[in-house]
Amino acid sequence: NITATVSLALGIGLSAVSFDAVHVVFCQRFIGAVPLVKIFAIAMAARGFTLPVGQYLVIANRERDLALFFVMEAVIASLLIFSVSYLHGTIWEVALASTTVAVLSPLRLAYLLTQFPAVSPRSVISAVVRPAAAAIIMYFTVAWLVVAMPAPGLARLLLSILAGAAAFTGVLGVLWQLSGRPQGIETEVYTRAKAVAASATNRVATARNRH
């Protein structure tokens with residue numbers, strides 16, 4: 001849940017603000033790189049779903065299985081990139097070929113489900129649905145803001161980041177509440193926030209008592 005939340009927030013978020021990010025950081029002349037940024041951002045989000053699979057395999061002393069997955073993905077990526085380059089594909093086609101490996105990530109997850117009965121499909125779906133829904137709403141929130149503010153620039157980029165972060169956090173929190181507060185990144189944030197609030201309250205109370 002934590003890796004899915006972070007990868008979706010960053011990947012989909014970067015995809016949503018890619019035009020303004022490229023415009024602000026690299027100026028107008030590199031605006032043609034926006035599709036490339038979108039491709040790699042979405043690929044990053046997709047791969048984030050299966051990052052914990054490697055941790056499970058290492059804990060279970062199955063490093064060889066994990067290494068085989070890496071080798072398989074590297075071979076497939078190399079073949080795709082070489083084929084597209086040999087056929088004189090554009091840089092966008094090469095990028096699409098290289099990110100196609102992200103589609104293979106679910107194979108790791110499928111292997112995990114078959115080898116570790118304690119990890120059920122229901123638990124995986126539960127961990128992914130909330131951040132996925134939050135990421136979708138975040139994307140459309142930023143898209144609406146871009147339409148409302150046609151002029152690209154730093155101001156729109158900052159507002160898009162703030163609006164996207166607020167939408168993602170708000171939807172994630174609401175879905176967490178509606179789901180019965182299951183374990184996940186929301187639980188960690190909520191617990192730490194309560195601890196910080198309690199500590200601040202105690203300090204204020206102590207300061208008042210001294211006066």
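Set the Förster radius R0 to 30 Å, insert the Cβ-Cβ distance between ILE125 and GLU63 as r into 1/(1 + (r/R0)^6), and round the FRET efficiency to 0.05.
Numbers: r = 28 Å, r/R0 = 0.92.
E between ILE125 and GLU63, to the nearest 0.05, is 0.65.
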Using +1 at the Cβ of each Lys and Arg and -1 at the Cβ of each Asp and Glu in the chain, identify which of SER105, PHE140, ALA200 lies farthest towards the dipole's positive end. ALA200
Please check: in the Gaussian network model of the chain (C-alpha springs, under 10 Å), which one of ALA67, ALA167, ALA200 has the largest mean-square fluctuation. ALA200
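Provide the gained length on full extension for the span ILE2 to LEU107, in nm with one decimal, where the gain is 0.36 nm per separating residue minus the Cα-Cα distance.
Details: separation 105, 0.36 × 105 = 37.80 nm, distance 1.98 nm.
In short, 35.8 nm is gained.
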Select from VAL17, VAL196, VAL128 the residue whose mean-square fluctuation is largest in a Gaussian network model of the chain (Cα-Cα springs shorter than 10 Å). VAL196
Residue of ALA143, ALA198, ALA41 that the Gaussian network model of the chain assigns the largest fluctuation, springs spanning Cα pairs under 10 Å: ALA198
Based on the Cβ-Cβ distance of ALA155 and ALA118, what FRET efficiency does E = 1/(1 + (r/R0)^6) give at R0 = 45 Å, to the nearest 0.05? 0.40
Which value, in Å³ per residue, describes the convex hull spanned by the Cα atoms of the range 101-200? 159
Computed for the range 111-201: size of charge dipole around the Cα centre, +1 on C-beta of each Lys and Arg, -1 on C-beta of each Asp and Glu, debye to nearest 20, value 80
Identify, among ILE161, GLY184, GLY32, the residue whose Cα sits farthest towards the positive end of the charge dipole of the chain, taking +1 on the Cβ of Lys and Arg and -1 on the Cβ of Asp and Glu, with the dipole about the Cα centre. GLY184
How big is the charge dipole of the chain about its Cα centre, in debye rounded to the nearest 20, if each Lys and Arg gets +1 on its Cβ and each Asp and Glu gets -1 on its Cβ? 820
In Å², rounded to a whole number, the accessible area per residue of the chain with probe 1.4 Å is 62
Once you have the Cα-Cα distance between ILE76 and THR169, take 0.36 nm times their residue separation minus that, and quote the gain in nm to one decimal. 29.8 nm
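Counting alpha carbon pairs within less than 8 Å and at least 6 residues apart, what relative contact order, in whole percent, applies to the chain? Working shown, then result.
Numbers: 187 pairs, mean separation 56.5, N = 211.
The normalised contact order for the chain reaches 27 percent.
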Residue-averaged [θ]222 nm for the chain, counting only DSSP H segments that reach four residues, each worth -39500 (n - 2.57): -27000 deg cm²/dmol
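Based on the alpha-carbon set only, what is the convex hull volume of the range 101-155 divided per residue, in Å³?
Dividing the Cα hull volume of the range 101-155 by its residue count gives 116 Å³.
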For the chain, Kirkwood radius (reciprocal of mean inverse C-alpha pair distance, Å): 19.9
Can you compute the modelled spin-label distance between THR206 and GLN55, with each label point 7 Å from Cα toward Cβ, in nm? 3.3
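The values are calculated or read from the model by the stated rules, or taken from the named source; none is laboratory data. Note that the coordinates shown come from a computational prediction; the quantities given were computed from them, not determined experimentally. Please note: Cβ atoms are built from the backbone with ideal geometry, for glycine as well, and neighbour counts cover all protein chains shown. Surface accessibility is based on the protein's heavy atoms, side chains included, excluding ligands, DNA and RNA. Shrake-Rupley method; radii C 1.70, N 1.55, O 1.52, S 1.80 Å.
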